[in-house]
1. How many residues, within segment 154-173, are in contact (Cβ under 8 Å) with a residue 60 or more places away in the chain and either out of contact with any Asp or Glu (no Cβ under 9 Å at 6 or more places or on another chain) or crowded, with 17+ Cβ neighbours inside 10 Å (or both)?
2. Of the residues in segment 8-18, how many are surrounded by fewer than 18 Cβ atoms within 10 Å (Cβ to Cβ) and in contact (Cβ under 8 Å) with a residue 60 or more places away in the chain?
3. Could we say that Leu116 is hydrophobic (A, V, I, L, M, F, W, C) and either more than 16 Å from Ala170 (Cα to Cα) or surrounded by 19 or more Cβ atoms within 10 Å (Cβ to Cβ) (or both) here?
4. So Gln135 ticks every box in (1) outside any strand (DSSP E or B); (2) within 16 Å of the chain's Cα centre (by Cα) but one. Which box is left unticked?
5. Determine if segment 21-41 includes at least one residue that is surrounded by 15 or more Cβ atoms within 10 Å (Cβ to Cβ), touching a Pro at 6+ places or on another chain (Cβ under 6 Å) and small (Gly, Ala, Ser).
6. For Leu140, indicate whether it is out of contact with any Cys (no Cβ under 9 Å at 6 or more places or on another chain) and surrounded by 17 or more Cβ atoms within 10 Å (Cβ to Cβ).
7. Here are Ser45, Ser66, Ser71: which of them is at pLDDT 90 or above, of a type in the set (Ser, Thr, Tyr) and either surrounded by 13 or more Cβ atoms within 10 Å (Cβ to Cβ) or out of contact with any Lys or Arg (no Cβ under 8 Å at 6 or more places or on another chain) (or both)?
Amino acid sequence: MILGHDELVKALGVTKEIQFSSMPDPNEDTKAFKQWCKSHVGAASIDIPIGNTLYTQTTVMTLPGSQSMFSGVENREHIDPHVDNAQTHLTQLTIDNPVLGPGHSVTVVSEGIITLGKVWAQLLPRLTALRWGIQVAPGLIEPFYEGPLYMTLTNTGFKGIHLKSGTAYAQLAFSPIENAKETGKKMITPYPKNL
């Protein structure tokens, strides 16, 4: 069973089975929480805006006008275009011009952290993103997961696509699991060591 709009709002505000760090606390600011739900919760899914951090094959970048959520990552917000000029040219991704070139992919991090209870989620592309030519690699998020979401975006079109922090290219659909048990696994490291 996929959770519908009313069940999602209840899971966000009452049972707390689904939590986002970017979401206002419903107990402290009901009006802001309702506004957040209005802009993020659909008929059967929740939109997931991207944050400000992009991973390419060679570097980590931060989108303009924001700071990386990964403090202490060796000041990688500033990349040297001469380090790998061919790769930078191919993906067309730079700090000042985050454009995803045709046929290329990038991994982005969600805006904020998600915390799940006894529900699992499926990461799916939004129809709007598909219309723009952006394909989002689907994924499964296990019950009790806590951490950022990593999404791989691929430009399947013929033109470069400007990526903007706060834009929702993906959505999550949720299903409850009655017999879910916490395995003891907690938040994964937000910065993969092999990058």
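1. Of the residues in segment 154-173, 13 are in contact (Cβ under 8 Å) with a residue 60 or more places away in the chain and either out of contact with any Asp or Glu (no Cβ under 9 Å at 6 or more places or on another chain) or crowded, with 17+ Cβ neighbours inside 10 Å (or both).
2. Within segment 8-18, residues that are surrounded by fewer than 18 Cβ atoms within 10 Å (Cβ to Cβ) and in contact (Cβ under 8 Å) with a residue 60 or more places away in the chain number 2.
3. So Leu116 fits the description; yes.
4. (1)
5. no
6. No.
7. Ser45
One line per residue, one yes/no per condition, for (1) of a type in the set (Asp, Glu); (2) at pLDDT 90 or above:
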| site | (1), (2) |
| --- | --- |
| Asn75 | no, no |
| Asn85 | no, no |
| Thr94 | no, no |
| Pro102 | no, no |
| Glu111 | yes, no |
| Trp120 | no, yes |
| Pro125 | no, yes |
| Gly166 | no, no |
| Phe174 | no, yes |
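The values are calculated or read from the model by the stated rules, or taken from the named source; none is laboratory data. This is a predicted model, so every value here is computed, not measured. Cβ: placed from backbone, ideal geometry, glycine included. Neighbour counts: every protein chain shown.
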